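Since the structure comes first, as structure tokens, the remarks are kept for the end.
The values are calculated or read from the model by the stated rules, or taken from the named source; none is laboratory data. In this text, all values refer to a predicted model and were calculated from it rather than measured experimentally. Note: ideal-geometry Cβ built from the backbone for every residue, glycine included; neighbour counts use all protein chains shown. Surface areas here come from the heavy atoms of the whole protein model, side chains and all, with no ligands, DNA or RNA. Shrake-Rupley method; radii C 1.70, N 1.55, O 1.52, S 1.80 Å.
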Amino acid sequence: IALLGGAAAWPLAARAQQAAMPVIGFFGTGTPSGWSQWTSAFVNRLRELGWIEGRTIGIEYRWAEGRNERYAEIAAELVRLKVDVIVTQSTPSVLAAKQATSVIPIVFASAGDPVGNGIVENLAHPNGNVTGLSAQATDSAPKRLELLREVVPTLRTLAIMANVSNPFSMLEIGEVQVAARTLGLNTATSEIRRAEDIAPAIDALKGRAEALFLSTDPLLVTNRVRINTLAQSAQMPTIGSWREFVEAGSL
């Protein structure tokens, strides 16, 4: 009886101990497989700092899978769980988390233009409950276009694919369009909102452009293999901003 009583009490004690641990809300914008390198690096660094998942800290993982409608749902769920901090990456998820809470700290691994999109007041003093790293992607977008033109010297019309539901993508598109005009290029912008829009968008660009510029967005990153396969069939070299794009066949 004593043995059984102890065995019954042990799970309760374990749960009580686990409940007392700090909990991180890990807000992934893509898929678990697509983010495996990110999560591995994150967990390993936590371990180096003395935070061991399941022993000294808990992590609640949630995945948007590049779907715009999931951002607000996940942010609200993490707030209901009363996590101690929300860790995420990309403008849409940061904005969703910021809208869901002004109390829980939010740390973003990167955001394209956190000042331009109103995530923080300025880089030196973000204020509020949000902080993180700027990818400065709006600043680098014109340079990416210059590199693309060097690789494709016959470039006359540039196709741009962007998720118009992402506020940062709209800033980035503006920078690319200005840079394209400076280089004497025409542009054809393809606006998408979901994965189902990708194939028709690329099909509509066939024969109209010599290369494709991909905006910095979780929807495009999640569907990068499909995008590159379709773009190659349309004979359009593509350029993105993340390593994952290159691994999937982009320039």
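Based on the alpha-carbon gyration tensor of segment 20-143, what equivalent-ellipsoid semi-axes (square roots of 5 times the eigenvalues) come out, in whole Å, largest first?
The answer is 23, 16, 15 Å, longest axis first.
Run the simple label-point estimate for ALA195 and THR157 please: 7 Å along Cα→C-beta, distance reported in nm.
So the label points at ALA195 and THR157 sit 3.0 nm apart.
So, with a 1.4 angstrom probe, what is the percent of accessible area on the chain that is carbon and sulfur?
The value for the chain is 55 percent carbon and sulfur by accessible area.
Please find, in a Gaussian network model of the chain (springs between Cα atoms separated by less than 10 Å), the residue of GLU175, GLU69, GLU196 whose mean-square fluctuation is greatest.
Sorting by GNM fluctuation, first place goes to GLU196.
Work out how much length LEU49 to LYS143 would gain on full extension: take 0.36 nm times their residue separation and subtract the Cα-Cα distance, in nm to one decimal.
30.2 nm
Which lysines, on any chain, are close to LYS98 with Cα under 25 Å apart, when same-chain ones fewer than 8 places away are left out?
LYS82
What FRET efficiency would be calculated for the residue pair GLU60, LEU183, taking the C-beta separation as r and a Förster radius of 41 Å, to the nearest 0.05?
0.35
In square angstrom, what is the accessible area per residue of the chain with a 1.4 angstrom probe?
51
Springs between alpha-carbon pairs under 10 angstrom, Gaussian network model over the chain: which of LEU147, LEU220, LEU205 fluctuates most?
With Cα springs under 10 Å in the chain, the top fluctuation among LEU147, LEU220, LEU205 is at LEU147.
What angle do you read, to the nearest 10 degrees and between 0 and 90, between the alpha-carbon axis of helix 137-151 and the longest principal axis of the chain?
On a 0 to 90 degree scale, this one is about 50.
Over the chain, what is the relative contact order in percent, taking alpha-carbon pairs closer than 8 angstrom and at least six residues apart?
Over the chain, the number comes to 15 percent.
Looking only at ALA180, ALA111, ALA20, which one moves most when the chain is put into a Gaussian network model with springs between Cα atoms under 10 Å?
Highest fluctuation among the options: ALA20.
Let me see the P(r) profile for the chain: every Cα-Cα distance counted, bins of 10 Å, each bin given as a percent of all pairs.
7, 28, 30, 18, 10, 4, 2, 1, 0
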